[in-house]
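Written out below as structure tokens is the structure these notes cover.
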Amino acid sequence: VRLQHGASGLEPLAWSEDHRVSVSTARSIAVLEQLSDVHSGGQDMVIHRTAVPAPSAACLLKVGPKREVAECKEKFASSVDPTVSQTFMLDRVFSPEGKSLTPLRGFKYSSWSPLGCDANGRCLLAALTMDNRLTIHANLNRLQWVQLVDLTELYGERLYEAGYRLCKADAPCGELGDFPEFQRRHSMQTPVRMEWSGICTTQQVKHNNECRDVGSVLLAVLFENGNIAVWQFQLPFLGTESITSCNTIESGISSPSVLSWWEYEHNNRKMSGLIVGSAYGPVKILPVNLKAVKGYFTLRQPVVLWQEMDQLPVHSIKCIPLYHPYQKCSCSLVVAARGPYVFWCLLLISKAGLNVHNSHVTGLHSLPIVSMTADKLNGTVYTCSSDGKVRQLIPIFTDVALKFEHQLIKLSEVFGSVRTHGIAVSPCGAYLAVITTEGMANGLHPVNKNYQVQFVTLKTFEEAAAQLLESSVQNLFRQVDLTDLVRWKILKDKHIPQFLQEALDKKIESCGSTYFWRFKLFLLRILYQSMQKAPSEVMWKPSHEDAKILISDSPGMGSAEDDQEEGTSKQASRQSLCDTGKGVDMDDTAEDSLHQPSDTGGHEPMEEKLLEIQAQIEAVEMHLTREHMKRVLGEVYLHTWITENTSIPTRGVCDFLMSDDGYDDRTARVLIGHILKKMNKQTFPEHCSLCKEILPFTDRRQAVCSNGHIWLRCFLTYQSCQSLVYRRCLLHDSIARHPTPEDPEWIKRLLQGPCTFCDSPVF
């Protein structure tokens, strides 16, 4: 994927848990979302591309009243002391607009939150610009990014109100006219890095003394002076009103460079802390007080992981939770990139306390490490230097600590001579994303740099299929990188491998989880697409035929030259279609290509096979629909009183479940019997909002009244969506209605669920 602007900042690549890759560039953050599209027959990766534009106005940190700040800036710029005037003029934090210098545009760093933080249950994006503006963005309608809050502005207001003191016991601050005080106020609110914690759960007491679980997430922001601001947000994060608290921690580290969360689970007790690295070399863990979060604990005092001031700057830190096979307990592996070396530290809690083992891995790169990423499922670490060399480090436990096996991945063998600027691994470890530009050719640097994001597979199809079958996540959407490899293999070979089919059938027979049924539906849909004929014409392409003709012209009066021109134009349009490459989306033509008349009798077996696959797809979809109907009816039975209208077509859903004589589910029959007894012969039918006629429940997809008005049905509650605005799942499988203020909590909870066919979120 070619980038429109050059990559910028440290660690320009980040891969979110919901399979979006953010690329920090000089004008925007390019967001590349990987989709495992079941409606496309192309073998290439399907990527949906959006962007977060950089703000047009420069960010000015709030260090005092505007008039006083302007006077101080003029005073420092014209100072006769060169140590003051030169320092002030050259520091872009004081004057981000630049004046005679080039303006600071672009992004320094970006960080993804865990899954489930925004209103759609997806990831939030924290973005730090070159001029030190820290903002949080959400992609609510899938086509546009919305800024939810500007944390730099909010933190500046908090400091201004507190008199630029962290606590009331601190000594009063000096005058803004003093240059050291002017520098101090800027450094205490200049962000260096920011990182999200995992989702915490707190209990909130309601007015009727009921307790409900409320999710929250923490965002730690490291500042230039070593302070760390820990923001607590209530989920889903909607904006300023979702901010619960903000506490500042003094780390005591000079020249901090990097930050990471340390989260450790021991005997069902979760501990947390913040790992901070310095540009001078030291690394240590700071305790974070989470009193408001039930079940979370922190360290009593800071833990120094590396204390030598060896002038090797800490560039990147990753914390990986692992299981120790010899000690039979969980442990935490911390890896940090320091120059060309990788520093590692194994943290293990035993009866004696916290055990710390640390060392360095040397001989990896001849140049400093520019980027590091880690696969948190198996602990594999990837590092890269700017010369196009990527190292894979695999941790192997020993009796005492661990050792690393590493091997070299030469990108030059795949892409030719390239320079690398950043790497990121996908959530399940199937892909490695790499930012590359042209390398040296014949000892000369390239004249122009073309920045590209390259995607490299790290797993085989067999490994991906085995991981999907043994997955503990049991959610297809959270494993899109693995399903994409399976999709590619089926589209390439035009059949489902026998071992995968047999293993999946065994899983369905043994446990019957709906996850394996959804996986089967996914495989059948991809197989159906692989059997389709490629359409000869592109449906989205406008036709150049004139709709209007003169009355004097008859249909058969065209000359041979006109026929020849028409044939040439059709041939050119087909040629242009071929030239556009494999990235053409065939969604709109997938249905039509099935019904094209076959020219020869050899296509009849293919059409029969397509009809057979389509019948299997319908059967699996019906099974998943019935399972979800049982869940909806269970919620109805638990949360409604006798003779209460639930607004869910309960009687219609019951009749639909029992309408098929071949469907014999004892659980469903018992549940329906209890519900009908509770309803006491009342039906509570739905009515058409246009003509007030009854809407019968005869189809799971739509409702049609006696006057022919058609309303689509919500696949989460099976209510008819009688409004012009509704939601669709990411892969356009189904539609769902929006929650209304009148809906009870249990219906709102149902409406928050993912798609019942593909596990995708709903927009």
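The values are calculated or read from the model by the stated rules, or taken from the named source; none is laboratory data. Only a predicted model underlies this, so the values are computations on that prediction, with no experimental measurement involved. Neighbour counts run over all protein chains shown; Cβ positions are idealised from the backbone, glycine included. Calculation scope for accessible area: heavy atoms of the full protein, side chains included, ligands and nucleic acids excluded. Shrake-Rupley method; radii C 1.70, N 1.55, O 1.52, S 1.80 Å.
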*Collect the residues in the range 719-752 that are in contact with a His (Cβ under 8 Å, 6 or more places away or on another chain), open to solvent by 60 Å² or more (accessible area, probe 1.4 Å) and in contact (Cβ under 8 Å) with a residue 40 or more places away in the chain, keeping them in residue-number order.*
His732
*So which residues in the range 442-483 are among the aliphatic types (A, V, I, L, M), within 30 Å of Asp387 (Cβ to Cβ) and in a loop (DSSP other than H, G, I, E, B)?*
Val447, Leu458
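Residues checked against (1) among the aliphatic types (A, V, I, L, M); (2) more than 30 Å from Glu470 (Cα to Cα); (3) open to solvent by less than 40 Å² (accessible area, probe 1.4 Å):
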residue: Gly353; (1), (2), (3): no, yes, yes
residue: His360; (1), (2), (3): no, yes, no
residue: Leu364; (1), (2), (3): yes, yes, yes
residue: Ser371; (1), (2), (3): no, yes, yes
residue: Ala374; (1), (2), (3): yes, no, yes
residue: Leu377; (1), (2), (3): yes, no, no
residue: Val381; (1), (2), (3): yes, no, yes
residue: Phe397; (1), (2), (3): no, no, yes
*Quick one: would you say Leu716 is at pLDDT 90 or above, open to solvent by 60 Å² or more (accessible area, probe 1.4 Å) and touching a His at 6+ places or on another chain (Cβ under 9 Å)?*
no
*Neighbours by Cβ (under 9 Å, 6+ apart or cross-chain): first from the range 353-372, in contact (Cβ under 8 Å) with a residue 24 or more places away in the chain; second of a type in the set (A, V, I, L, M) and open to solvent by 30 Å² or more (accessible area, probe 1.4 Å)*: Val356/Val304; His357/Val400; Leu364/Leu408; Val370/Leu10; Ser371/Leu10
_Arg158 vs. criteria open to solvent by 10 Å² or more (accessible area, probe 1.4 Å), farther than 18 Å from Lys108 by Cβ and touching a residue at least 40 places away in the same chain (Cβ under 8 Å)_ = yes
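Listed here are the residues, each with its yes/no results for (1) in a loop (DSSP other than H, G, I, E, B); (2) farther than 18 Å from Thr625 by Cβ.
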| position | (1), (2) |
| --- | --- |
| Thr646 | yes, yes |
| Arg669 | no, no |
| Lys678 | no, yes |
| Thr683 | yes, yes |
| Ala703 | no, no |
_When you check Gly422 against the structure, is it crowded, with 21+ Cβ neighbours inside 10 Å and more than 22 Å from Lys520 (Cα to Cα), yes or no?_
yes
*Considering the range 14-29 alone, what residues qualify as being open to solvent by 10 Å² or more (accessible area, probe 1.4 Å) and under 16 Å from the mean Cα position of the chain (by Cα)?*
Ala14, Trp15, Glu17
*Which of (1) open to solvent by 40 Å² or more (accessible area, probe 1.4 Å); (2) at pLDDT below 90; (3) not in a loop (DSSP other than H, G, I, E, B) does Thr102 not meet, given it meets every other one?*
(3)
*So Pro696 fits all but one of (1) in contact (Cβ under 8 Å) with a residue 40 or more places away in the chain; (2) buried (at least 19 other Cβ atoms within 10 Å of the Cβ); what number is the exception?*
(2)
*Can you name the residue in the range 428-441 that is in a strand (DSSP E or B) and surrounded by 13 or more Cβ atoms within 10 Å (Cβ to Cβ) and is also modelled with the lowest pLDDT among such residues?*
Glu438
*In the range 417-440, what count of residues is obtained for those that are touching a Lys or Arg at 6+ places or on another chain (Cβ under 6 Å) and over 19 Å from Ser22 (Cβ atoms)?*
1
*Given the conditions (1) in a strand (DSSP E or B); (2) farther than 30 Å from Pro180 by Cα; (3) out of contact with any helix residue (DSSP H, G or I) (no Cβ under 9 Å at 6 or more places or on another chain), report the number of the one that Tyr109 does not fulfil.*
(2)
*How many residues are farther than 30 Å from His186 by Cβ, of a type outside the set (S, T, N, Q) and in contact (Cβ under 8 Å) with a residue 40 or more places away in the chain when one looks only at the range 204-229?*
1
*Spot the failing condition for Ser85; the list is (1) exposed (fewer than 14 other Cβ atoms within 10 Å of the Cβ); (2) over 29 Å from Ser316 (Cα atoms); (3) without any contact (Cβ under 8 Å) to a residue 12 or more places away in the chain, and only one is missed.*
(1)
*Just for strands (runs of 3 or more DSSP E) wholly inside the range 242-335: which have at least 1 residues that are open to solvent by 70 Å² or more (accessible area, probe 1.4 Å)?*
243-250, 256-266, 269-278, 296-298, 303-306, 314-324
*Quick one: which of Phe76, Phe88 is assigned to a helix (DSSP H, G or I), at pLDDT below 90 and not aliphatic (A, V, I, L, M)?*
Phe88
*Of everything in the range 181-211 that's more than 30 Å from Ala171 (Cα to Cα) and at pLDDT 90 or above, which residue is surrounded by the fewest Cβ atoms within 10 Å (Cβ to Cβ)?*
Gly198
*Among (1) open to solvent by 30 Å² or more (accessible area, probe 1.4 Å); (2) within 33 Å of the chain's Cα centre (by Cα); (3) under 24 Å from Gln752 (Cβ atoms), where does Glu621 come up short?*
(1)
*Taking interchain pairs and intrachain pairs at least six residues apart, which have beta carbon atoms under 6 angstrom, with the first residue in the range 436-448 and under 16 Å from Leu411 (Cβ atoms) and the second part of a loop (DSSP other than H, G, I, E, B) and among the charged types (D, E, K, R)?*
Thr437/Lys449
